Every structure is written in structure tokens, then in C-alpha cells.
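Visitor: I have a structure here, written as C-alpha cells, and I will follow up with some questions on it.
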Amino acid sequence: MAMPGTYTATLSKVVDGEVTDFGEPMSFDVVPLREGTLEGADFDEMASFQNEVIAFQQDLTSFDNRVDNHIDMIKAMMMALSRADQVDTELEKSLYDTHMELLDIKEKLDGSEAKGEVGVKNPPTPNDRMFVGMRAMLTSLYGPTDMHKQMVEIGKSEFSAMEGDLTDIADRFTQFRSRLEMLGAPPIQD
């Protein structure tokens, strides 16, 4: 649902990458469909919550992409180590443990795929908590309730801890790369 306010729209067409506007921009007002029985949040509060949830969603998406990239990098390092001139079981164990830590972060963020089956329940994740905020934003005429706000704050708190864990893991990569180079492993491209 759109927030009440004044909006501007322009009608255009795109043909072969060329944009052609039809007429001048038009302004129109969006008004509430009806007054709620209960008093809800004011529109500024609703817009602020909407912006907060959207920013949280973008942070989660970016973080998920970084986790995936780190998992790919660890896999590449493990492959490079398997092709190195020398054996280093300590590095092999460190890479394996780091891979497991990344998979654990991924599960905390998205939930367990195995527990995603019918009849099995995942504990709530930051993504789940963000979606509670999204539902409040998209379906409520009254705005976010205290429960919606608390759920988003809990998700942000859980997410913050995960960001610290990922930073700790990323800090190891330089050391892993130099050890691989010393062992004569093939280079890894970013």
C-alpha cells in the first residue's frame, strides 16, 4: 500500500532502448481509503518504519551475498591447497573449520534447508523477523505495532552479531592466501 501523500506520475514507453514520454507529469493525492476503528500510527511514523525495514532488507541481502562469496572463496582455497606442492594439515583443518563457520552463519541467516521440510520448524531468523516488519508495512492500515518494531529490532540485533562473525572470518583470508602461496598452491582469483 502506498503512504498517503502527493505523488507524481509520468507515462512513457521504451522501444529499442529509447524512452518516449507521453504528455506532462501528473500529480495526484493518495488518501486513506477509510478511517480505522482504532487509532493507528501517524503517516510519518509509518514511512519511517517502512524506510527502516527496507534498509534492513537491503543489508540482509548484501550480507547474504558476501557470505556466499566467502563460501566460494573458501572452496577455491581448499581446491588450491589440494593442488599445492606441499601438504599442510593444519591449514586444511583451518579452511574446513572456516567453511563450517560460514555454513553456520548462512543457516542462522536463512534457516536450515533440512528443517524447511513440512512438519519441521526452523527457529526464527533475522530474515523471518524482517518479513514480520514487511507484512506490517504492506498489510496494516494502522501502521507498525510495538510487536512489529520489537521483532525488527531483535532481527537487527541478531544480524549485528553475524556481521561481527563474518568480519572475523574475512580477516583470516589474507593469512590463508599467504600460507597457500608459501605451499606452492595455484593462485586464486577474486
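Visitor: Residues GLU39, GLU24: which one is assigned to a loop (DSSP other than H, G, I, E, B) and over 24 Å from GLY155 (Cα atoms)?
Guide: On the way: GLU24 fails: assigned to a loop (DSSP other than H, G, I, E, B).
Testing whether each residue is assigned to a loop (DSSP other than H, G, I, E, B) and over 24 Å from GLY155 (Cα atoms) leaves just GLU39.
Visitor: I've got another one for you. Taking the condition open to solvent by less than 90 Å² (accessible area, probe 1.4 Å), within 19 Å of GLU45 (Cα to Cα) and either in contact with an Asp or Glu (Cβ under 8 Å, 6 or more places away or on another chain) or free of Cβ contacts under 8 Å to residues at least 60 places away in the same chain (or both), does THR145 pass?
Guide: Details: open to solvent by less than 90 Å² (accessible area, probe 1.4 Å): yes; within 19 Å of GLU45 (Cα to Cα): yes; either in contact with an Asp or Glu (Cβ under 8 Å, 6 or more places away or on another chain) or free of Cβ contacts under 8 Å to residues at least 60 places away in the same chain (or both): yes.
Taking the combined requirement at face value, the residue satisfies it.
Visitor: Looking only at the stretch 125-140, count how many residues are at pLDDT 85 or above and assigned to a loop (DSSP other than H, G, I, E, B).
Guide: Adding up the residues that qualify gives 1.
Visitor: Sticking with this structure for a sec: Would you be able to tell me the number of residues in the stretch 172-190 that are more than 32 Å from the chain's Cα centre (by Cα), among the small types (Gly, Ala, Ser) and surrounded by fewer than 15 Cβ atoms within 10 Å (Cβ to Cβ)? Working first, answer last.
Guide: The initial filter retains those residues of the stretch 172-190 that are more than 32 Å from the chain's Cα centre (by Cα), namely 181-186.
If we keep only those that are among the small types (Gly, Ala, Ser) too, we end up with 184-185.
From what's left, surrounded by fewer than 15 Cβ atoms within 10 Å (Cβ to Cβ): 184.
Adding up the residues that qualify gives 1.
Visitor: Considering every residue within the stretch 18-28, establish whether at least one is at pLDDT 85 or above, over 13 Å from SER140 (Cβ atoms), among the aromatic types (Phe, Trp, Tyr) and open to solvent by 90 Å² or more (accessible area, probe 1.4 Å). Walk me through it before giving the result.
Guide: Just the residues of the stretch 18-28 that are at pLDDT 85 or above, to begin with: 18-28.
Within this subset, residues satisfying the condition of being over 13 Å from SER140 (Cβ atoms) are 18-28.
Then keep just the ones that are among the aromatic types (Phe, Trp, Tyr); that gives 22, 28.
Now narrow it down to the ones that are open to solvent by 90 Å² or more (accessible area, probe 1.4 Å): 22, 28.
Looking for residues that are at pLDDT 85 or above, over 13 Å from SER140 (Cβ atoms), among the aromatic types (Phe, Trp, Tyr) and open to solvent by 90 Å² or more (accessible area, probe 1.4 Å), one finds at least one in the stretch 18-28, hence yes.
Visitor: Restricting to the stretch 154-171, give me the number of residues that are of a type outside the set (Gly, Ala, Ser) and open to solvent by 60 Å² or more (accessible area, probe 1.4 Å).
Guide: Initial filter on the stretch 154-171 (of a type outside the set (Gly, Ala, Ser)): 154, 156, 158-159, 162-163, 165-169, 171.
Narrowing further to those that are open to solvent by 60 Å² or more (accessible area, probe 1.4 Å): 154, 156, 163, 165, 167-168, 171.
Counting residues in the stretch 154-171 that are of a type outside the set (Gly, Ala, Ser) and open to solvent by 60 Å² or more (accessible area, probe 1.4 Å) gives 7.
Visitor: Further question on the same structure: Find the residue count for the stretch 34-58, including only residues that are surrounded by 10 or more Cβ atoms within 10 Å (Cβ to Cβ) and in contact (Cβ under 8 Å) with a residue 40 or more places away in the chain.
Guide: 14
Visitor: Exactly one condition in (1) in contact (Cβ under 8 Å) with a residue 24 or more places away in the chain; (2) surrounded by 10 or more Cβ atoms within 10 Å (Cβ to Cβ); (3) not aromatic (Phe, Trp, Tyr) is not met by VAL31; state its number.
Guide: (2)
Visitor: Of the residues that sit in the stretch 86-121 and are among the polar types (S, T, N, Q) and surrounded by fewer than 16 Cβ atoms within 10 Å (Cβ to Cβ), which one is modelled with the lowest pLDDT?
Guide: Just the residues of the stretch 86-121 that are among the polar types (S, T, N, Q), to begin with: 86, 89, 94, 98, 112.
Now drop any that are not surrounded by fewer than 16 Cβ atoms within 10 Å (Cβ to Cβ), which leaves 86, 89, 112.
Working: GLN86: 92, THR89: 96, SER112: 80.
This residue is SER112.
Visitor: When the stretch 1-17 is examined, which residues are found to be within 23 Å of VAL132 (Cα to Cα) and either open to solvent by 100 Å² or more (accessible area, probe 1.4 Å) or in contact (Cβ under 8 Å) with a residue 60 or more places away in the chain (or both)? Break it down into steps so the answer makes sense when it comes.
Guide: First, the residues of the stretch 1-17 that are within 23 Å of VAL132 (Cα to Cα): 1-4.
The answer is MET1, and nothing else.
Visitor: Any residue in the stretch 59-85 that is within 21 Å of GLU107 (Cα to Cα) and at pLDDT below 95 sitting within a Cβ distance under 9 Å of a residue that is in a loop (DSSP other than H, G, I, E, B) and open to solvent by less than 60 Å² (accessible area, probe 1.4 Å)? List the pairs, counting only those 6 or more apart or interchain.
Guide: Listed pairs, sorted by first residue: none to list.
Visitor: State all residues of the stretch 25-65 that are among the charged types (D, E, K, R) and under 19 Å from HIS148 (Cβ atoms); if no residue qualifies, say none. Quick ask: steps written out before the conclusion?
Guide: Initial filter on the stretch 25-65 (among the charged types (D, E, K, R)): 29, 34-35, 39, 42, 44-45, 52, 59, 64.
Correct list: GLU39, ASP42, ASP44, GLU45, GLU52, ASP59.
The values are calculated or read from the model by the stated rules, or taken from the named source; none is laboratory data. None of the values given here were measured: they were computed from a predicted structure. Cβ sites come from the backbone with ideal geometry, for glycine too, and all protein chains shown count toward neighbours. For accessibility, only protein heavy atoms count, side chains too; no ligands or nucleic acids. Shrake-Rupley method; radii C 1.70, N 1.55, O 1.52, S 1.80 Å.
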